[in-house]
Amino acid sequence: MGKGKIRVLVVDDSAFMRKAISEILESDPDIRVIARARDGRDALEKLEQLDPDVIALDVNMPVMDGVETLKRIMERRPKPVVVVSSLTQQEAPITMQILDLGAVDYVPKPSGTISLDIKKVASEIITKVKAAAKVDPGRISRARPRRDFVHELKGSQIPNFAVAVGVSTGGPKTLLDIFEQIDPDPETVYLIAQHMPPSFTSSLAERLDRYTPIPFCEAQNGQPLEGGKGYLAPGGWHMMVTEDLRIRLSKRPQDTPFKPSVDVLFSSVKDVFGERTVGILLTGIGSDGARGLLEIKEAGGITIAESEETAVVYGMPRAAKELGAAQVIVPSYEIPVEIEKALAKIKRRRRNERGASEEVV
């Protein structure tokens with residue numbers, strides 16, 4: 001994209017929604033809606049004719065739905081896509097699939113397929129479209145088949161180590177790409193804060209559970225932590241861990257830009273696991289998680305940030321780098337190995353400390 005206005009194609013089968021979303025976008029001086037499309041087929045034709053910078057895409061449409069449309073966009077001419085879909089439980093799994101197919105981000109319609117109150121999310125639509133416009137289409141990777149994992153039932157083990165992950169824009173696909181390569185360590189608990197509305201986190205947890213070797217669930221208040229398992233913070237709640245190794249969900253603090261907050265998770269994990277923590281900050285808008293990552297580093301843990309090479313939006317990792325919070329900065333495809341190395345280093349350090357203590361005695 002050049003220095004001119006961001007050229008957007010709005011795709012929705014509702015004439016009202018096409019008009020309303022277009023008006024929201026054009027209220028920003030940096031955005032121009034160059035066309036509106038009523039379904040996927042219409043969108044693909046306009047894509048070829050007009051070559052937009054960003055596409056705002058609905059999910060449920062006649063003729064060709066959002067899933068098929070996105071597949072064809074990525075095959076023909078990859079573009080940054082922001083999904084604008086309803087928040088129903090029925091649509092949430094489809095939206096997760098679309099994000100895995102390569103969509104940059106999503107905005108939930110506040111009250112269903114035809115949301116008369118769409119202006120409630122006007123600033124979110126504008127922010128996410130402008131962020132998407134900065135994404136290099138060459139970085140948008142095509143979807144590939146995912147392998148289903150069957151988790152073996154094993155006895156629960158109290159975790160001695162923690163891997164804490166924070167992520168926002170571009171997160172669902174990045175999380176799957178990373179965690180599908182990680183074998184669960186029975187001594188380690190895996191905790192994720194992904195900026196996401198409540199109706200979507202359960203679907204993301206199901207996908208992480210299905211497509212990675214680690215058994216994942218959407219975290220519940222009071223749930224005991226088990227080694228070798230993963231816990232995803234539910235949308236609308238902060239996730240913390242307690243001294244007796246349980247999940248604690250809370251609406252406080254209330255003044256954070258996001259619920260769940262990555263900073264809140266990182267700070268909590270640092271308090272309980274200290275130097276036995278691996279903190280990881282991935283793609284996302286803003287700076288949430290940078291301060292918490294620094295706290296983990298200062299507590300003696302190991303910290304990792306995704307590099308600009310693969311981050312869909314290089315906001316949160318950049319903030320961590322500028323703060324001096326990240327000890328390791330690598331592309332997402334190297335993070336699985338870095339997690340393994342970090343845990344091995346922490347365990348080795350722990351064994352050495354115990355050996356030295358025994359010698360003194």
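The values are calculated or read from the model by the stated rules, or taken from the named source; none is laboratory data. It should be emphasised that the depicted structure is a prediction, and the values quoted were computed from it without experimental measurement. Positions of Cβ are generated from backbone atoms using ideal geometry, with glycine treated the same way; all protein chains shown enter the neighbour counts. Accessible surface is based on the protein model in full, side chains and every heavy atom, while ligands, DNA and RNA are left aside. Shrake-Rupley method; radii C 1.70, N 1.55, O 1.52, S 1.80 Å.
Going by the conditions given, is I302 hydrophobic (A, V, I, L, M, F, W, C) and over 27 Å from K130 (Cβ atoms)?
Against the criterion (hydrophobic (A, V, I, L, M, F, W, C) and over 27 Å from K130 (Cβ atoms)), I302 qualifies.
Given the criterion farther than 28 Å from T256 by Cβ, modelled with pLDDT under 95, part of a helix (DSSP H, G or I) and aliphatic (A, V, I, L, M), identify the matching residue among A356, A344.
Step by step, each of A356, A344 is checked, and only A356 is farther than 28 Å from T256 by Cβ, modelled with pLDDT under 95, part of a helix (DSSP H, G or I) and aliphatic (A, V, I, L, M).
State all residues of the stretch 277-320 that are closer than 19 Å to D136 by Cβ and not aliphatic (A, V, I, L, M); if no residue qualifies, say none.
Once the filter is applied, which keeps residues that are closer than 19 Å to D136 by Cβ and not aliphatic (A, V, I, L, M), the stretch 277-320 yields T283, G284, E306, S307, E308, E309, T310, Y314, G315, P317, R318.
Identify the single condition in (1) buried (at least 17 other Cβ atoms within 10 Å of the Cβ); (2) of a type in the set (A, V, I, L, M); (3) touching a helix residue (DSSP H, G or I) at 6+ places or on another chain (Cβ under 9 Å); (4) at pLDDT 95 or above that L323 does not satisfy, given that it satisfies every other one.
Exception for L323: condition (1).
Does the stretch 264-273 contain any residue that is over 21 Å from the mean Cα position of the chain (by Cα), over 28 Å from G235 (Cα atoms) and either surrounded by fewer than 22 Cβ atoms within 10 Å (Cβ to Cβ) or at pLDDT below 95 (or both)?
Scanning the stretch 264-273 turns up no residue that is over 21 Å from the mean Cα position of the chain (by Cα), over 28 Å from G235 (Cα atoms) and either surrounded by fewer than 22 Cβ atoms within 10 Å (Cβ to Cβ) or at pLDDT below 95 (or both).
Hey, can you tell me all the residues within the stretch 141-166 that are in contact with a Leu (Cβ under 9 Å, 6 or more places away or on another chain), open to solvent by less than 100 Å² (accessible area, probe 1.4 Å) and at pLDDT 80 or above?
Answer for the stretch 141-166, where residues must be in contact with a Leu (Cβ under 9 Å, 6 or more places away or on another chain), open to solvent by less than 100 Å² (accessible area, probe 1.4 Å) and at pLDDT 80 or above: R146, P159, F161, A162, V163, A164, V165, G166.
When you look at P234, is it without any contact (Cβ under 8 Å) to a residue 40 or more places away in the chain, touching a strand residue (DSSP E or B) at 6+ places or on another chain (Cβ under 7 Å) and closer than 26 Å to G301 by Cα, yes or no?
Yes: the conditions hold for P234.
May I ask you to list the residues in the stretch 1-34 that are assigned to a strand (DSSP E or B) and crowded, with 19+ Cβ neighbours inside 10 Å?
Residues satisfying the conditions are I6, V8, L9, V10, V11, I31, V33.
Examine the stretch 138-160 for a residue that is more than 18 Å from the chain's Cα centre (by Cα), assigned to a helix (DSSP H, G or I) and more than 15 Å from L57 (Cβ to Cβ), and state whether such a residue exists.
Looking through the stretch 138-160, at least one residue is more than 18 Å from the chain's Cα centre (by Cα), assigned to a helix (DSSP H, G or I) and more than 15 Å from L57 (Cβ to Cβ).
Of V107, V129, which residue is modelled with pLDDT of 95 or more and open to solvent by less than 70 Å² (accessible area, probe 1.4 Å)?
That would be V129, the only listed residue that is modelled with pLDDT of 95 or more and open to solvent by less than 70 Å² (accessible area, probe 1.4 Å).
Inspect the stretch 81-101 for any residue being open to solvent by 30 Å² or more (accessible area, probe 1.4 Å), touching a residue at least 60 places away in the same chain (Cβ under 8 Å), of a type outside the set (S, T, Y) and part of a loop (DSSP other than H, G, I, E, B) and give the result as yes or no.
Looking through the stretch 81-101, at least one residue is open to solvent by 30 Å² or more (accessible area, probe 1.4 Å), touching a residue at least 60 places away in the same chain (Cβ under 8 Å), of a type outside the set (S, T, Y) and part of a loop (DSSP other than H, G, I, E, B).
Hey, I73 hits all of (1) over 20 Å from the mean Cα position of the chain (by Cα); (2) under 20 Å from S123 (Cβ atoms) but one; which does it fall short on?
Here I73 clears every test but (2).
With the requirement that a residue be of a type in the set (S, T, N, Q) and out of contact with any strand residue (DSSP E or B) (no Cβ under 9 Å at 6 or more places or on another chain), what does the stretch 246-294 give you?
Once the filter is applied, which keeps residues that are of a type in the set (S, T, N, Q) and out of contact with any strand residue (DSSP E or B) (no Cβ under 9 Å at 6 or more places or on another chain), the stretch 246-294 yields Q254, S287.
Exactly one of these conditions fails for G40: (1) without any contact (Cβ under 8 Å) to a residue 24 or more places away in the chain; (2) crowded, with 22+ Cβ neighbours inside 10 Å. Give me its number.
(1)
Can you tell which of Y211, Y231 is over 22 Å from S287 (Cα atoms), of a type in the set (F, W, Y) and open to solvent by 20 Å² or more (accessible area, probe 1.4 Å)?
After applying the criteria, what remains is Y211.
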